[in-house]
1. In a shell of Cβ-Cβ distance under 14 Å around Val130, excluding Val130 itself, what net charge do Lys and Arg (+1) and Asp and Glu (-1) give?
2. Please get the size of the charge dipole for segment 23-82, origin at its Cα centre, with Cβ charges of +1 on Lys and Arg and -1 on Asp and Glu, quoted in debye to the nearest 20.
Amino acid sequence: MSHKHSIDSPLIAALVSHYEELVDHVRRLSFGRGERGAAREIVHEVCADLIETPPRTPIHTPLAFLRILSKRRAVDRWRAERSRDALIELMAEPPEALDLHEPARIVAAREGIEVLAEAIASLPQRCREVFVMHKVHELPQAEVAAHLGISVKAVEKHLRRGMEACARALVDFHG
């Protein structure tokens with residue numbers, strides 16, 4: 001059986017022999033939230049990406065290449081978390097919004113939820129599936145990718161589109 005691309009064996013050898021070092025590298029990049037489990041997940045995602053889409057040209061400095069990929073993945077995850085936190089903050093109503101003496105705030109909060117639901121419903125089908133599986137059902141990105149038969153990078157792209165659509169809808173809603 002012939003493969004379109006074959007994974008660079010020195011690259012895999014470097015990944016295997018420097019796995020713990022790469023995990024420590026990612027942990028140090030975690031902006032003060034360096035959990036070992038999350039760092040391992042990032043290195044695992046890098047490995048899965050390399051297996052799924054090997055580099056087209058030989059890599060002459062495998063460890064440096066792996067560090068760069070791991071750093072990019074950690075930064076992407078940090079940005080996604082920051083975007084999610086910003087979206088949650090946009091959606092959050094102050095506790096007094098739940099005061100039953102202020103029905104206008106309750107209505108506004110419900111309308112905000114409806115705006116988000118409409119934004120999600122208007123996403124293209126695959127984007128909506130990815131967004132709901134990851135954000136609503138809280139499946140890890142790698143699991144979403146495996147379930148849908150797409151790459152983790154495609155999952156990330158769909159999640160970015162979904163987050164951007166929700167953020168735009170909320171900004172439009174809040175005027």
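All of the numbers you see were taken from the coordinates with simple rules; none came from a lab. Being a predicted model, the structure only gives us computed values, none of them experimental. Note: ideal-geometry Cβ built from the backbone for every residue, glycine included; neighbour counts use all protein chains shown.
1. Details: positive: Arg126, Arg128, Lys135, Lys153, Lys157, Arg160, Arg161; negative: Glu129, Glu138, Glu143, Glu156, Glu164.
Computed value for this residue: +2.
2. Numbers: 13 positive and 8 negative charges, 57 e Å.
The dipole of segment 23-82 has a size of about 280 debye.
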